[in-house]
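Written below as structure tokens is the structure these notes are about.
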Amino acid sequence: MAHARISANLPPDIDPTKAPIAFGERALPKLNEELRSPELLTQQRALMALCDLVHDPENVYQAIGVGFLDNLKTLLLHHDSTVRQKTTEILYIMAMHNVGSGMISALTELLDDPVDICRKNTHQIFEMMAKLHEGAVGILHAGLIPLLVFKLKTELDEIQELILDTLSNCLRVEASEALATGAITILKEKLKHSSAAIRSKAAWVLLEIGTHPEGKSMVCEEVIPVLVSLLEDTDPEVQASATGALMFATVKPQGRFSALGAEAIPPLLKLVAEETSKARLSAIKTLTMLAELPEGRKTLLDHTDTFQQCLNDPCEAVKRAAKIAISVIKWKPF
């Protein structure tokens with residue numbers, strides 16, 4: 001189903017003319033002064049010009065030296081939505097250069113902004129920050145995780161995708177706060193969302209949660225049957241994310257029993273048999289863990305030819321995983 005995208009176009013009553021840029025080294029200091037102007041139009045035009053200039057990394061670092069960040073921080077709370085929109089746009093571009101992590105608490109104020117594009121830009125900044133370990137740690141230390149999890153219930157689909165990307169990177173570092181907030185229940189609902197992108201990204205967040213011991217237990221208890229159903233999703237990305245999450249969940253015996261009970265073996269074998277499947281490696285590893293249970297081994301003994309075919313896969317990791325799978329399936333006690 002098609003969804004309307006959030007528009008970055010300015011309101012029709014806004015004059016998009018940029019401020020005339022001073023020559024040479026004077027350009028950024030002059031714009032910085034104009035950001036503090038009492039005239040709204042002067043501020044808007046300065047932000048338009050700055051938005052172009054910060055695409056150059058040299059200008060980003062010069063802007064920091066001039067003291068732009070303090071002014072931009074103040075403008076985040078401006079009464080005019082165009083000012084807030086262009087300020088968040090500038091901060092997003094600066095975040096691409098690993099700048100602005102000190103703005104997290106100020107940006108939090110915009111998570112409830114009435115204007116969609118301001119919220120979207122804010123989430124783009126968080127998503128960009130979280131790609132680096134320091135940024136993810138900063139978001140965790142700011143206590144933002146419960147709020148981001150809660151926003152998954154109410155935000156527009158386009159913004160939910162950004163939130164899920166942010167959570168993936170943050171929860172790779174630490175997941176306990178998300179678990180205490182009830183993230184598993186909310187993510188489980190997102191696995192059934194009409195958007196394939198949201199289903200895939202939700203499964204990926206569950207994969208990151210499953211890398212932590214306490215996360216594995218909760219995924220085993222609540223989510224495995226839904227993950228198994230997604231192995232037959234029509235979208236390859238959803239299949240791959242669901243298989244990855246299932247792989248981590250089945251590290252625990254409880255997860256293996258749950259996956260067997262949910263009849264995970266047939267769809268996993270199907271993914272292994274598909275040479276082009278993005279989920280092939282994760283599917284082989286998951287089946288290897290299921291083969292450690294007598295019931296799983298008994299079922300898989302009839303399908304060793306599926307794994308034999310993988311020994312010709314161009315990917316070394318797939319070949320190695322298939323070899324291990326065959327040895328586990330054929331294992332016999334002395």
Being touching a His at 6+ places or on another chain (Cβ under 9 Å) and either free of Cβ contacts under 8 Å to residues at least 24 places away in the same chain or of a type in the set (Ser, Thr, Tyr) (or both) is the filter here, so list the residues in the stretch 149-180 that pass it. Thr166, Ser176
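One line per residue, one yes/no per condition, for (1) of a type in the set (D, E, K, R); (2) closer than 26 Å to Thr185 by Cβ; (3) not in a helix (DSSP H, G or I):
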{"position": "Lys86", "(1), (2), (3)": "yes, no, no"}
{"position": "Val99", "(1), (2), (3)": "no, no, yes"}
{"position": "Leu140", "(1), (2), (3)": "no, yes, no"}
{"position": "Thr154", "(1), (2), (3)": "no, yes, yes"}
Residue count for the stretch 291-327, restricted to those that are under 19 Å from Ala264 (Cα atoms), open to solvent by 30 Å² or more (accessible area, probe 1.4 Å) and assigned to a helix (DSSP H, G or I): 9
Out of (1) more than 33 Å from the chain's Cα centre (by Cα); (2) modelled with pLDDT under 90, what's the single condition that is false for Tyr61? (1)
Among the residues in the stretch 26-49, are any under 22 Å from Gly135 (Cα atoms) and outside any helix (DSSP H, G or I)? no
Filter the stretch 270-290 down to residues that are within 28 Å of the chain's Cα centre (by Cα) and aliphatic (A, V, I, L, M) and give me whichever is most open to solvent (accessible area, probe 1.4 Å). Leu281
Residue check: is Leu72 assigned to a loop (DSSP other than H, G, I, E, B) and within 29 Å of Pro114 (Cα to Cα)? no
Going residue by residue through the stretch 208-222, is there one that turns out to be in contact (Cβ under 8 Å) with a residue 40 or more places away in the chain, buried (at least 23 other Cβ atoms within 10 Å of the Cβ) and aliphatic (A, V, I, L, M)? no
Since Glu89 meets every condition but one in (1) without any contact (Cβ under 8 Å) to a residue 60 or more places away in the chain; (2) closer than 24 Å to Asn32 by Cβ, which condition does it not meet? (1)
If you check Asn121, Asn169, which single one turns out to be buried (at least 23 other Cβ atoms within 10 Å of the Cβ), polar (S, T, N, Q) and out of contact with any Gly (no Cβ under 6 Å at 6 or more places or on another chain)? Asn121
Extreme residue, modelled with the lowest pLDDT, among residues of the stretch 103-115 that are open to solvent by less than 60 Å² (accessible area, probe 1.4 Å) and in a helix (DSSP H, G or I): Met103
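The values are calculated or read from the model by the stated rules, or taken from the named source; none is laboratory data. On a predicted model such as this, the values are computed, not experimentally measured, just so you know. Neighbour counts run over all protein chains shown; Cβ positions are idealised from the backbone, glycine included. With ligands, DNA and RNA removed, areas are computed over all heavy atoms of the protein, side chains included. Shrake-Rupley method; radii C 1.70, N 1.55, O 1.52, S 1.80 Å.
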